[in-house]
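*Asks:* Handing you a structure now.
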Amino acid sequence: MYHLIALGIGFAVDLLLGDPHAIPHPVVWIGKLISAAEKLARRVFPKTAPGENFAGGVLWVVVTAVSTAVPAAVLYAAYRAHPAAGLLLESVMCWQILAAKALRDESMKVYAALKEGEPEKYRHAVSMIVGRDTAGLDDKAVTRAAVETVAENTSDGVVAPMLFLALGGAPLGFFYKAVNTMDSMLGYIEMPYKNIGLVPAKMDDALNYIPARLSALFMLAAGAALGMDVKTGWRIWRRDRRNHASPNAAQTESACAGLLGVRLAGDAYYHGELHKKPYIGDALREIEYGDIPRAGRLLYVTAALSLLVFGAVKALFLVI
């Protein structure tokens, strides 16, 4: 029950405060661990495709083990000292694992820069939240990129970690964040990450398979609550949910595109290399700056519905 209460408190604090930059963030530490482990793995293992693939697997095991064991040990000590101390610490951990407000705030910086109409500003703002090259993007492309990021990370940054928090408390939440962070840092198909990032990318795909589909369904329900076009949202999700190299990314992107009535995705450059990507959604209307805050509202309601459902199921199991 403490895990469930901590999740509720952490979610509420996240909506209120987001991620204050003055407070050290555990995901930054996980990122430093990944960088150090990658450098060591590249020195130790053979510089061949099989060698780097194996190195990526070892790296994945080490990073996930440390990222789970350390918070588990600290949390165990806190709960042993006093339940209130454990609850307080776990609430802070849940707050730091979730990223609803940070995701919305960063996307709204793109929205504000677009309204100013200065290309350098809105390209820089969107480069902070996307992995693609942004130097050549116009205002419409920047808007699409921001909406896609909010839609995709509704699952990766909020619903998926919330599910793991509900299942196993903060330690399992940090396990998920470690897997997701490794994918974001190493999971590229270009060199020098193509081989060493293979296992981290595949494990992230596997771990997000169920959360991504739950997120899409919650998003469609959120669209209904917000008075959006759920019929089109359902149709586009059913049609385009596999229109991505990742088995998971298009799940929420297609639901969002259908609910908003816009077309997302398409070709994009990553590290100077063109990636051919299918479109997601139909251009029932031209995408506009206001779709960014609309995606943000969709994110918040989706997160709230997820918390209610996960919390209710968790509470039911505790009672049984």
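Only the coordinates and a few stated rules stand behind these numbers; no lab work does. Everything numeric in this text was worked out from a predicted model, so none of it was measured. Cβ atoms come from the backbone with ideal geometry, glycine included; neighbour counts cover every protein chain shown.
*Asks:* Out of every Cα pair in the chain, what percent are spaced more than 36 Å from each other?
*Replies:* The share of Cα pairs beyond 36 Å in the chain comes to 18 percent.
*Asks:* Oh, and also: Residue by residue, what Karplus-based ³J(HN,Hα) values in Hz, rounded to whole numbers, does region 84-101 have, using 6.51, -1.76 and 1.60 with θ = phi - 60° and x for Gly and Pro?
*Replies:* Going residue by residue, I get 5, 5, x, 5, 4, 5, 5, 4, 5, 4, 4, 4, 6, 6, 7, 9, 5, 5 Hz, with x marking Gly and Pro.
*Asks:* Kindly write out, for region 73-80 in residue order, the coupling ³J(HN,Hα) from the Karplus curve 6.51 cos²θ - 1.76 cosθ + 1.60 (θ = phi - 60°), rounded to whole Hz, with x marking Gly and Pro.
*Replies:* Those phi angles translate into 5, 5, 5, 4, 5, 5, 5, 5 Hz.
*Asks:* Now a separate question. Go ahead and estimate [θ] at 222 nm for the chain from helices alone: -39,500 (n - 2.57) per DSSP H run with n ≥ 4, summed, over the residue count, rounded to 500.
*Replies:* The helix contribution divided over the chain gives -25000 deg cm²/dmol.
*Asks:* Grab the alpha carbons of region 1-116, take their convex hull, and tell me the volume per residue in Å³.
*Replies:* It comes to 153 Å³ per residue, whole-number rounded.
*Asks:* Put +1 on the Cβ of each Lys and Arg and -1 on the Cβ of each Asp and Glu in region 202-249; which of Ile236, Pro247, Gly223 then has its Cα farthest toward the positive end of the dipole?
*Replies:* Ile236
*Asks:* Starting from the Cα-Cα distance between Leu308 and Val58, subtract it from 0.36 nm times their residue separation and give me the gain in nm to one decimal.
*Replies:* Difference between extended and current length: 86.3 nm.
*Asks:* Using unit Cβ charges (K, R positive; D, E negative) and no other charged atoms, how large, in debye to the nearest 20, is the dipole of region 188-307 about its Cα centre?
*Replies:* 400
*Asks:* Say the dipole of the chain comes from +1 at the beta carbon of Lys and Arg and -1 at that of Asp and Glu; which of Gly281, Pro119, Leu103 then lies farthest toward its positive end?
*Replies:* Sorting the options by dipole projection puts first Gly281.
*Asks:* To make sure I understand the rule: partners must be lysines, Cα under 18 Å from the Cα of Lys32, and not fewer than 8 residues away in the same chain. Which ones qualify?
*Replies:* Straight-distance partners of Lys32: Lys177.
*Asks:* Follow-up question, since we're still on this one. Determine the equivalent ellipsoid of region 94-208 by diagonalising the alpha-carbon gyration tensor, then write out the semi-axes as square roots of 5 times the eigenvalues, largest first, rounded to whole Å.
*Replies:* Equivalent ellipsoid semi-axes, largest first: 28, 19, 9 Å.
*Asks:* Convex hull over the Cα atoms of region 163-320, averaged projected area in nm²?
*Replies:* Numbers: hull surface 42.6 nm².
Averaged projected area of region 163-320's Cα convex hull equals 10.6 nm².
*Asks:* Also: By a straight-distance test (C-alpha under 23 Å), which lysines pair with Lys115 as possible cross-link partners, with residues fewer than eight away in the same chain excluded?
*Replies:* Output for Lys115: Lys101, Lys140.
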